[in-house]
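A short worksheet on the structure shown next.
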Amino acid sequence: MRSRLIALLPLSVALYGCSYHYDLRAVFQDGRVTVVPKNDKGTGCLWMFTVTSDQGRVVWDVDGGAYSPPPCDDKFPITYGQVPSGMKERVRAQPLQPGVTYRIEASDGDSYSGSFRLRRVLVIDEVSEQR
């Protein structure tokens, strides 16, 4: 038994080295928070996607059960609060609050992560008077 474990150790270390990490960013698309990979990398056939507040509270969590290879429907971009096809919501999306830093973690066999914070911004649009 011990020799079997010793034989499996190099294999597990080699497989661990095969996965990649990709950075995520949050953007506004159609007025909603949407998460995309920074450099458009990875397959994106997600089996895990979680958003956590800076206090460690899970504010949204969806799960695909297990990895499935492409083609798939559960891929980026992910719009906050909209459950991707093929995934189940484990924690319903909570309203996002300005000033709170949120951490995003996802996996499709490779790992993804990123952080974002919402700000309230006052925008003034100049309007021409019609005379």
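Once the stretch 82-124 is narrowed to residues that are open to solvent by 30 Å² or more (accessible area, probe 1.4 Å) and closer than 16 Å to Val27 by Cβ, the residue that is nearest to the chain's Cα centre (by Cα) is Ser115. Report yes if Val127 is over 14 Å from the mean Cα position of the chain (by Cα) and β-branched (Val, Ile, Thr), otherwise no. So Val127 fits the description; yes. Can you name the residue in the stretch 63-87 that is in a loop (DSSP other than H, G, I, E, B) and among the acidic types (Asp, Glu) and is also nearest to Asp110 (Cα to Cα) among such residues? Filtering the stretch 63-87 for residues that are in a loop (DSSP other than H, G, I, E, B) and among the acidic types (Asp, Glu), the one nearest to Asp110 (Cα to Cα) comes out as Asp74. Residue check: Thr43 meets all listed conditions (1) of a type in the set (Val, Ile, Thr); (2) at pLDDT 90 or above; (3) surrounded by 14 or more Cβ atoms within 10 Å (Cβ to Cβ) but one, namely (2).
The values are calculated or read from the model by the stated rules, or taken from the named source; none is laboratory data. Fair warning: this is a prediction, and the values are worked out from it, not measured in the lab. So basically every Cβ, Gly included, is an ideal-geometry build from the backbone, and we count neighbours across all protein chains shown. Just so you know, the surface numbers come from the protein's heavy atoms only, side chains and all, with ligands and any DNA or RNA stripped out. Shrake-Rupley method; radii C 1.70, N 1.55, O 1.52, S 1.80 Å.
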